C-alpha cells in the first residue's frame, strides 16, 4: 500500500495515541454490533416515512415546518450511515454483499453515488492535511472567503457546488469506477424524481413543496453545511493532531448528527463505530489536555465562519476557548 500524506505526517501522533489508550479498552471501542447499527438504520427509514406522511397530512406551518426540519436532517444522516459502511463499521466481519446493499440504500435518500462517496471519503482520510490531494479540501471547500459565497452552501446552490466537486474528483478515477458512479447517480436521480412526482400527483404543488422541496433543497443544505463546519475548517495547521476540529460532545448534537460531530475522534480511529465515539472522546480528554487542543461548539463555529468571516482550514483564535483545567480535572466533553 502506498504511504499517503496523512500516514507520513502522523507517525508520532499515532504512537502517542496508542500509548494514551489502554489496548483492551481500545479493542472494546472497536467492537461492531450489527444489530445496533441496523436498528438505527431502521429508525431512520421509519422517520423518513413518518415525516413524509405528516408533511402530506398537515397543512399548518406550525406542524409541517418542524417535520420538514426533521426530514431534512434525516436525509442528511443517511450519509452518516453510508459513512459507517465505507469504513466497514457495521458487521464484525466484512460482508461485501450486505455492505453493498446497505451502501445503495443509504446513498439514494441524499441522491449520491455510494461508489463515489466511498472513493472520495477514503481519499480524504488518506490525504488529510494536503491542500492538493485531499479531495474535500481541494474541490469542495470554498475558494472565495466571502460571506455571500459561504452562504451559498446553505442553499440549493450546494447541489451544483457538490456535484461539480465530485465530477472534478472523479476525472482521475478509472473508467470502470466512473461507469459505476454514473449508473448509481442516475438511479438516485430517478428515485428522487419519482418521489417528487408522487407527492405532486398525490396532493399537488403544495404537498410537493412541503414533503420534498423544503426538506431536500432547503433543510438538507443547512444540515450539510453545519456538520461540515465541525470537520476541518477551524484547525491547528501546524499540528497533525489538530487537523480536524475538536467539537465538544452534547446530547442534542449527538442525536441530531448521529455522532458524526465526533469527527476528530473518527479520524484518529476510523474503525470505531459511530455509537462508541462519545465514549472515545471521554477516553481521549487527557490527550487533548496535554496537546492543548481547543474545544469548539457549533455556536462558536458559526460565529467564526460567518460573523468573523474566518477562512477554512486555518486557526480561528477567537472562535473557541482553550481546554480549561480545574485542579486535576479537565473541562471535558458533556457526557
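The values are calculated or read from the model by the stated rules, or taken from the named source; none is laboratory data. The structure presented is a predicted model; accordingly, all values stated were derived computationally and were not measured. Positions of Cβ are backbone-derived with ideal geometry, glycine not excepted, and every protein chain shown enters the neighbour counts.
Checking the conditions here, which among 115, 130 is in contact with a helix residue (DSSP H, G or I) (Cβ under 6 Å, 6 or more places away or on another chain), within 18 Å of residue 83 (Cα to Cα) and either in contact (Cβ under 8 Å) with a residue 24 or more places away in the chain or surrounded by fewer than 18 Cβ atoms within 10 Å (Cβ to Cβ) (or both)?
That would be 115, the only listed residue that is in contact with a helix residue (DSSP H, G or I) (Cβ under 6 Å, 6 or more places away or on another chain), within 18 Å of residue 83 (Cα to Cα) and either in contact (Cβ under 8 Å) with a residue 24 or more places away in the chain or surrounded by fewer than 18 Cβ atoms within 10 Å (Cβ to Cβ) (or both).
For region 51-72, check the following and say yes or no: at least one residue is more than 15 Å from the chain's Cα centre (by Cα), crowded, with 23+ Cβ neighbours inside 10 Å and in a loop (DSSP other than H, G, I, E, B).
no
For (1) in a helix (DSSP H, G or I); (2) surrounded by 21 or more Cβ atoms within 10 Å (Cβ to Cβ); (3) free of Cβ contacts under 8 Å to residues at least 24 places away in the same chain, each residue gets a yes or a no:
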residue: 186; (1), (2), (3): yes, no, yes
residue: 191; (1), (2), (3): yes, no, no
residue: 196; (1), (2), (3): yes, no, yes
residue: 207; (1), (2), (3): yes, no, no
residue: 211; (1), (2), (3): yes, yes, no
residue: 215; (1), (2), (3): yes, yes, no
residue: 218; (1), (2), (3): yes, no, no
residue: 238; (1), (2), (3): no, no, yes
residue: 245; (1), (2), (3): no, yes, no
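Is there any pair with a first residue in region 144-172 that is farther than 18 Å from residue 109 by Cα and a second that is modelled with pLDDT under 95 and part of a loop (DSSP other than H, G, I, E, B) whose Cβ atoms are under 6 Å apart and which are 6 or more apart or on different chains, and what are they?
none
Which one of 249, 304 is in contact with a helix residue (DSSP H, G or I) (Cβ under 6 Å, 6 or more places away or on another chain) and in contact (Cβ under 8 Å) with a residue 12 or more places away in the chain?
249
Looking for something part of a loop (DSSP other than H, G, I, E, B), under 24 Å from residue 69 (Cβ atoms) and without any contact (Cβ under 8 Å) to a residue 24 or more places away in the chain - is there at least one such residue anywhere in region 314-327?
No, region 314-327 has no match at all.
I need every pair where a residue in region 79-95 that is on the phi > 0 side of the Ramachandran plot and touching a residue at least 60 places away in the same chain (Cβ under 8 Å) has its Cβ under 8 Å from the Cβ of a residue that is surrounded by fewer than 18 Cβ atoms within 10 Å (Cβ to Cβ) and in a loop (DSSP other than H, G, I, E, B), sequence separation at least 6 or different chains.
Here the result reads 88/94; 88/271, each pair linking region 79-95 to a residue that is surrounded by fewer than 18 Cβ atoms within 10 Å (Cβ to Cβ) and in a loop (DSSP other than H, G, I, E, B).
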